[in-house]
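Trainee: Below you will find the structure I want to go over with you.
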Amino acid sequence: MIYALAVFAPLAGALVSGLLGRSIGDKAAMAASVLGMIVAAICGPLAFFQLTGDVAHPGVLSLGTWVEAGRFHVDWALRYDTLSAAMVAMVSFIAMLIHVYSVGYMGHDARPRYRFFAYLSLFTFAMLMLVTADNLLQLFFGWEGVGLCSYLLIGYWYDKPSACAAAMKAFIVNRVADLPFAVGLALIFFKFGSIEFASIFPAVVAHGADTYRLFGHTFPAIEVIGFLLFIGAMGKSAQLGLHVWLPDAMEGPTPVSALIHAATMVTAGVFLMARMSPLMEYAPYALGFVTIVGASTALFAATVGCAQNDIKRVIAYSTCSQLGYMFVAAGVGAYQASVFHLITHAFFKALLFLSAGSVIHAMSDEQDLRKMGGLAKLIPITCTVMWIGNLALAGIPPLAGSYSKDAIISAAYAAHTGVGTFAFICTILAAFLTAFYSWRLLFLCFHGRPRADHHTMSHVHESPWVMVGPLLLLAVGAVISGWALHGWFIGEEWKHFWHGSIVNGPHNEIIEHLEHVPAWVEHAPLVVALAGIALAYYMYLVSPLTPIRLAERYGAIYRFLLNKWYFDELYDRIIVRPLICLSRVLWRAGDATIIDGVPNGLAWLTAGSSRQIVKLQTGSLAFYAFAMLIGVVVLVGLLSICR
């Protein structure tokens, strides 16, 4: 089946590259990896269009028994429904373009490139296993797989201390979030007796009144599970509080950043909310928490993006903000709009990251926006596609973001709840800031006077076609994906299209309400986006000294944003340093004194005693006879006492 081929072709490429790369060479290994992705990129969209065209029907492709222990039975199976097929099509196509782009981008890397391509293909396979999982154990397998691969890829340049630290940070933060997620999966099994979606979802209503007793209080079981699942999603999708790993992930090669931010890993949490919609619909307090965290993240990340100077970090905080939008949609029950924005965002975010990589490539690895400027005439193709990506990100019609992001803002308003109103305000403000920092990046990078030295500017050149080609295809997706998918995802055909793969509760009519919001709500995102663009134009082209004056006048606010609200410093002060101090105390008192000290002390005592006893071995028969006589006398004396 072409669906299975789409999932396992990247694994085949990863195995060939990883296991045989050293013997067949870099070029052959890269070719195998790219070929596997091309096969997946053909089969994935084909399977999706077959499903939506009624040529195929939703179902489960069983690959065999995986775990069977008592009443715990899990099959290895691929879920073939609209949600999974849409994710497979998007992941395989975007990842294929990133693989092709990587051939040019990593062409001058001194390390053996087969390892990089093996990790890249394995990363893609893990994400595909996650989105096609038919049970929570298989989903968790893919979940941990993308976490492992992100560690390997972020720290790919392992001779850079910053890259190693970033890889460890991503791994540890995700493990913190994965613990509640794993507990949530365990509670699902204890409550439902299964981790198969086909068994869990029909039984949710029957278990709606069940409770768990935690910390001396009774809580609704579905709510507890919903909260735990979302905390897991917060780690993978870098939501406020667990977002700190995402900006540091920029230490990896740019294709890695594009793959993490556009098609894999960070979208896993959003997918989880959509997949578990039949359960989340009966956890209203958990959904309210999802909405608040998502809205707060959207606004927080947008404010930080306005002050960053590294071109990749600006785009990274943009990803964090857009993920907040997706969780707002899920929180108010518009899961379809959430997945819609996930798909459109994949095109223009991959485009922005790969365009940034093209800029870095042209600027001799320079990433500081303050050292750029005047590049539009030197790299016109990169400039053009980056304009397209930013127009889509800002939500300017008729590009992709205007369909999906505007739908989320309308959904927040249409929820008519307190958390919905909070989310509406946050997302409108974030839309203004998004347009501002996007055009700040464009103007600083491509327009105005050149700020790089003459040597760097003299070497600026357009990227090779192996890098430019994927940019052009992504630009087409950023232009048409919103218009092409709108009718299916949230338009008149949405119920037929989703075919039950995303479930709305009996009282959830949020998708229908999107068509009935006031006109000012529909137009507000465009108005604030144009205002943000105008402000960036004035501050960075008309009056470029204005940002400097504002930073000097409001230095505390500027430093607050530049230092990312001091989250890293706060965590270092309240978590990292105390843990290091505690570890040192335990090492000295426990490891060195008790664990090492007691055995070493006993060993010293035994050795010392042996050295003294050995002195009794004189070789004199008279001494030995005397010792035996003394022993007999002592033994007789003891026996007499006992009687």
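Trainee: Need the C-alpha centroid separation for region 206-268 versus region 297-331, integer Å.
Mentor: Value for the Cα centre distance between the two parts: 16 Å.
Trainee: Using modelled backbone amide H atoms (1.01 Å from N, in-plane), which distant-in-sequence or interchain residues come within less than 5 Å of Thr211's amide H?
Mentor: The answer is Ala221.
Trainee: Give me the lysines in straight-line cross-link reach of Lys160: C-alpha distance below 18 Å, same-chain residues under 8 apart excluded.
Mentor: Counting by Cα, and skipping residues close in sequence, Lys160 has these lysines nearby: Lys169, Lys312.
Trainee: Moving on to the next point. Once you have a ≥ b ≥ c as the square roots of the Cα gyration tensor eigenvalues for region 454-546, tell me rounded if a/c is under 1.5, and otherwise prolate or oblate according to whether a/b is larger than b/c.
Mentor: oblate
Trainee: Could I ask something else about it? With an 8 Å cut-off on Cα pairs and a minimum separation of 6 or more residues, tell me the relative contact order of the chain in percent.
Mentor: On the way: 1054 pairs, mean separation 76.3, N = 643.
Over the chain, the number comes to 12 percent.
Trainee: Tabulate in residue order the Karplus-calculated ³J(HN,Hα) for region 246-257, using 6.51 cos²θ - 1.76 cosθ + 1.60 with θ = phi - 60°, rounded to whole Hz; enter x for Gly and Pro.
Mentor: These are the phi-based 3J(HN,Hα) values: 5, x, 5, 5, 5, 5, x, x, 4, x, 5, 4 Hz.
Trainee: Output the pairs from Lys236/Lys405; Lys377/Lys564; Lys377/Lys405; Lys191/Lys405; Lys371/Lys405 with a Cα-Cα distance over 29 Å in this structure; if there are none, say none.
Mentor: Lys377/Lys564; Lys377/Lys405; Lys191/Lys405; Lys371/Lys405
Trainee: If the cut-off is a Cα-Cα distance under 14 Å, which aspartates and glutamates reach Lys27, setting aside same-chain residues fewer than 8 apart in sequence?
Mentor: Straight-distance partners of Lys27: Asp109.
Trainee: Add +1 for every Lys or Arg and -1 for every Asp or Glu among the other residues with Cβ under 14 Å from the Cβ of Gly226, and state the total.
Mentor: -1
Trainee: Give the cross-link partners of Lys495 among the aspartates and glutamates, using a straight C-alpha distance below 12 Å as the criterion and excluding same-chain residues fewer than 8 apart.
Mentor: By straight Cα distance, Lys495 reaches Glu509, Glu512.
Trainee: Still on this structure: Run the dipole for the chain about the Cα centre, Lys and Arg Cβ at +1, Asp and Glu Cβ at -1, nothing else charged, and hand back the magnitude in debye, nearest 20.
Mentor: Roughly 2000 debye for the chain.
Trainee: I've got another one for you. State to the nearest 20 debye the size of the charge dipole of region 222-329 about its Cα centre, where the only charges are +1 on K and R beta carbons and -1 on D and E beta carbons.
Mentor: Values: 4 positive and 5 negative charges, 24 e Å.
Charge dipole of region 222-329: 120 debye, to the nearest 20.
Trainee: Of Tyr317, Ala69, Ala329, which is farthest along the charge dipole of the chain in the positive direction, counting Lys and Arg as +1 and Asp and Glu as -1 at C-beta?
Mentor: Highest projection toward the positive end goes to Tyr317.
Trainee: May I ask you to give the percent of accessible area on the chain that is carbon plus sulfur, with a probe radius of 1.4 Å?
Mentor: Carbon and sulfur together cover 69 percent of it.
Trainee: Output wanted: per-residue J couplings in Hz (rounded whole) for region 109-123, from phi through Karplus 6.51 cos²θ - 1.76 cosθ + 1.60, θ = phi - 60°, x for Gly and Pro.
Mentor: Each residue's phi maps through the Karplus curve to give 6, 6, 7, x, 7, 4, 5, 4, 5, 5, 4, 4, 5, 5, 4 Hz.
Trainee: Return the sequence-ordered ³J(HN,Hα) values of region 73-83 in whole Hz as given by the Karplus equation 6.51 cos²θ - 1.76 cosθ + 1.60 applied to θ = phi - 60°, using x for Gly and Pro.
Mentor: 10, 9, 9, 8, 8, 10, 7, 10, 9, 4, 5
Trainee: Modelling each spin label as a point 7 Å along the Cα-to-Cβ direction, I'd like the Glu509/His57 distance in nm, to one decimal.
Mentor: 3.2
Trainee: Now for a separate question. Check which residues have an amide H placed less than 5 Å from Val60's amide H, if you skip close sequence neighbours.
Mentor: Tyr80
Trainee: Give the longest segment of the chain that steers clear of chymotrypsin sites (Phe, Trp or Tyr not before Pro) in DSSP loops with at most 13 neighbouring Cβ atoms within 10 Å, not counting the sites themselves.
Mentor: Details: sites that count: Tyr158, Phe215, Tyr554.
Longest gap between qualifying sites, sites excluded: 216-553.
Trainee: I've got another one for you. With a probe of 1.4 Å, find how much accessible area region 284-369 has per residue, and write the answer as a whole number in Å².
Mentor: 14
Trainee: Here's a follow-up. Can you give the local net charge around Ala414? Use residues other than it whose beta-carbon is closer than 10 angstrom to its beta-carbon, Lys and Arg +1, Asp and Glu -1. List each step's numbers first, then the result.
Mentor: On the way: positive: none; negative: Glu509, Glu512, Glu515.
My count for the surroundings of Ala414 gives -3.
Trainee: Once every DSSP H run of n ≥ 4 in the chain is given -39500 (n - 2.57) and the sum is divided by its residues, what mean residue ellipticity at 222 nm do you get, rounded to the nearest 500 deg cm²/dmol? Write down the numbers at each step before the final one.
Mentor: Working: 29 runs with 443 residues, N = 643.
So the helix-based figure for the chain works out to -22500 deg cm²/dmol.
Trainee: I've got another one for you. Where in the chain is the longest stretch that carries no GluC sites (Glu not before Pro) classed as loop by DSSP and with at most 14 other Cβ atoms within 10 Å?
Mentor: 1-491
Trainee: If you don't mind, another one. With label points built 7 Å along Cα→Cβ from the Cα atoms of Asp159 and Val576, find their separation and express it in nm.
Mentor: According to this spin-label approximation, the distance is 2.5 nm.
Trainee: Next question. Between region 72-127 and region 456-529, what is the C-alpha centre distance in whole Å?
Mentor: Each part reduced to its Cα centre gives a spacing of 22 Å.
The values are calculated or read from the model by the stated rules, or taken from the named source; none is laboratory data. For clarity, every value in this text was computed on a predicted model and none was experimentally measured. For neighbour counting, all protein chains shown are included, and Cβ atoms are generated from backbone atoms with ideal geometry for every residue, glycine included. All accessible areas refer to the heavy atoms of the entire protein, side chains included, with ligands and DNA or RNA removed. Shrake-Rupley method; radii C 1.70, N 1.55, O 1.52, S 1.80 Å.
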